[in-house]
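Shown next, in structure tokens, is the structure this report addresses.
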Amino acid sequence: AQIIWEQIDTTVVKAREAMEWLKQVTRLAALEDLPITWSTPSGFQVIQAYREVTARRIETKMSEGIVKLSLQEDGQQLNRRRQKSGCSPNYVHSLDSAAMALTVCKMKSQGVHHFAMVHDSYGVHASNVQKLSKCLRQVFVEMFQDDLLEKFRDEIYALLSVKNQKKIPPLPAKGNLNLEKVLDSDYFFA
């Protein structure tokens, strides 16, 4: 795992910078005990609110023995550590989910109605693979035309106090990827 993270830091530098930026912004919301929310390109509203968990042990006599159960309950206070560490992967997964939903909609509009999809693995009947390949690339280009981190920042900004609004770090600088090249790539997604 350590080797993978080191390689991520040198290979996908801008993605790593975006992950760190998301953590910093999430920390500001957590300081105010605010859940973070954002909208995905498919219109889905995400709410991340990891609460502190309290555990109680319950012992119950059943027949001749004692059964020991643990009951966990969400508290009122946010778990700042989990909020901060969960934001980046949850944000990326929400974008993956949006891409899948938008791809399915685009495929359905083209007469495809049978899918086998899990997370970021896409499947259709063999006769529709080329159509899927094209639609998936088109959806990604369309999705990322907008500055999604800027949109995230604006949505979080509206939640924060004036004091913490001023502490939002500048958006990370963009890299030089030409998004349109995705349309011509031989390999893209699973």
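Could you go through the stretch 148-168 and let me know if any residue there is over 20 Å from the mean Cα position of the chain (by Cα), surrounded by 12 or more Cβ atoms within 10 Å (Cβ to Cβ), over 23 Å from A29 (Cβ atoms) and among the hydroxyl-bearing types (S, T, Y). Among the residues of the stretch 148-168, not one is over 20 Å from the mean Cα position of the chain (by Cα), surrounded by 12 or more Cβ atoms within 10 Å (Cβ to Cβ), over 23 Å from A29 (Cβ atoms) and among the hydroxyl-bearing types (S, T, Y), which makes the answer no.
Look at the stretch 158-187: where a residue is free of Cβ contacts under 8 Å to residues at least 12 places away in the same chain and a partner is exposed (fewer than 10 other Cβ atoms within 10 Å of the Cβ) and of a type in the set (A, V, I, L, M, F, W, C), sitting 6+ places away or on another chain with Cβ atoms under 9 Å, you get Q165/A158.
Of all residues in the stretch 1-22, those that are over 22 Å from I36 (Cα atoms) have Cβ atoms under 8 Å from Cβ atoms of residues that are charged (D, E, K, R) and part of a helix (DSSP H, G or I), 6 or more apart or on another chain, in I8/R16; D9/R16.
Quick grid of which residues meet (1) open to solvent by less than 60 Å² (accessible area, probe 1.4 Å); (2) in a strand (DSSP E or B); (3) in contact with a Leu (Cβ under 8 Å, 6 or more places away or on another chain):
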site	(1), (2), (3)
T10	no, no, no
E17	no, no, no
T26	yes, no, no
W38	yes, yes, no
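Is it true that V46 is assigned to a strand (DSSP E or B), open to solvent by less than 90 Å² (accessible area, probe 1.4 Å), closer than 30 Å to L31 by Cβ and in contact (Cβ under 8 Å) with a residue 40 or more places away in the chain? Here the answer is yes, as V46 does meet what is asked. For the stretch 175-184, filtered to residues that are surrounded by fewer than 14 Cβ atoms within 10 Å (Cβ to Cβ) and in contact with a helix residue (DSSP H, G or I) (Cβ under 7 Å, 6 or more places away or on another chain), the residue that is farthest from T103 (Cα to Cα) is G175.
Taking S88, is it among the small types (G, A, S), open to solvent by less than 50 Å² (accessible area, probe 1.4 Å) and touching a Ser or Thr at 6+ places or on another chain (Cβ under 7 Å)? Answer is no for this residue.
The values are calculated or read from the model by the stated rules, or taken from the named source; none is laboratory data. This is a predicted model, so every value here is computed, not measured. Note that each Cβ is placed from the backbone with ideal geometry, even for glycine, and that neighbours are counted across all protein chains shown. Note: accessible area is taken over every heavy atom of the protein model, side chains too, but ligands, DNA and RNA are not part of it. Shrake-Rupley method; radii C 1.70, N 1.55, O 1.52, S 1.80 Å.
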